[in-house]
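Chemist: Just dropping this structure here.
Nothing in this text is a laboratory measurement; each read-out follows from the coordinates by a stated rule. All values reported here derive from a predicted model rather than from experimental measurement. All Cβ positions, glycine included, derive from the backbone under ideal geometry; neighbour counts span all protein chains shown.
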């Protein structure tokens with residue numbers, strides 16, 4: 001059994017319209033699903049990804065309107081990194097982000113910046129045989145576009161307690177004292193630990209809620225068993241309709257999810273119309289008339305991408 005790298009990364013926003021403008025507009029991702037948090041259906045769950053909504057490209061957000069600004073600290077992910085193909089791509093993104101009023105930090109092979117709510121992001125030049133997961137955007141040439149996730153970076157002052165879970169249960173391959181590679185047959189990603197800041201973390205807008213790793217459907221229960229054997233306390237398998245999920249915290253405190261590759265976002269709407277209307281899993285459909293009036297009105301993602 002192998003995990004196929006990052007499945008998705010889920011974060012928190014206090015402003016869904018601004019979030020759509022930034023991720024679908026500025027960064028050029030496709031809004032592939034406009035749904036609700038299945039644990040609190042009064043708030044959005046927005047999914048941005050490549051053109052077909054593949055695992056490995058999927059950045060998602062819960063919207064809690066007017067939530068306080070958060071701050072990453074020990075036991076939290078503080079940066080999400082995407083791949084790009086070249087230094088030319090970094091040149092393009094450095095200018096595009098500057099034109100959008102976003103400050104960046106450029107080093108060889110890397111461009112770091114924050115989103116509108118302070119979430120740490122990065123574009124990295126990566127040579128890989130993994131398929132590039134690209135969204136179509138009229139202003140972003142495909143050879144310069146984001147190509148899917150490379151890594152997430154978390155804060156921990158003592159990574160060692162996480163090693164057994166990572167290496168014995170989840171099949172992570174250690175690269176050095178504070179980094180691991182997670183590679184399946186088709187895709188891979190990295191997980192990094194950095195020294196935490198002195199201030200404690202504050203969950204809230206602009207922070208990561210959890211990272212999900214991609215599991216084959218037939219392996220899902222076996223991954224849960226492995227997590228238990230390594231001392232984790234996973235939830236039962238939860239059917240999220242678009243994928244199935246298991247959740248547990250790794251020893252540093254970061255919330256992990258194991259999510260299946262499939263059934264996928266085209267399960268309840270055609271591929272060419274993903275994200276255009278509110279999608280509700282069947283057991284939430286009866287709430288549509290209650291939810292649509294209270295959810296924040298969003299800009300048309302197609303119009304945002306056409307600007």
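Chemist: Determine by what factor the alpha-carbon radius of gyration of the chain differs from 2.2 N^0.38 Å, reporting the quotient.
Modeler: On the way: Rg = 18.3 Å, N = 307, 2.2 N^0.38 = 19.4 Å.
Scaled against compact globular proteins, the figure is 0.94.
Chemist: How do 247, 44 line up, fewest other C-beta atoms within 10 Å first? Intermediate results must be reported in sequence, preceding the final value.
Modeler: Numbers: 247 18, 44 25.
Least crowded to most crowded, the residues run 247, 44.
Chemist: From the convex hull of the Cα coordinates of segment 8-132, what is the mean projected area in square nanometres? Can you show the working numbers first?
Modeler: On the way: hull surface 33.6 nm².
Mean projected area for segment 8-132: 8.4 nm², to one decimal.
Chemist: Another question about this same structure. For the chain, what does -39500 (n - 2.57) per DSSP helix run (n ≥ 4), summed and divided by total residues, give at 222 nm, in deg cm²/dmol to the nearest 500? Show your work: numbers first, answer last.
Modeler: Numbers: 5 runs with 38 residues, N = 307.
Result for the chain, helices only: -3000 deg cm²/dmol.
Chemist: Here is a follow-up. Please report the relative contact order for segment 41-117, taking Cα pairs under 8 Å with a sequence separation of at least 6, and give it as a percent rounded to a whole number.
Modeler: Details: 55 pairs, mean separation 13.5, N = 77.
Relative contact order for segment 41-117 comes out at 17 percent.
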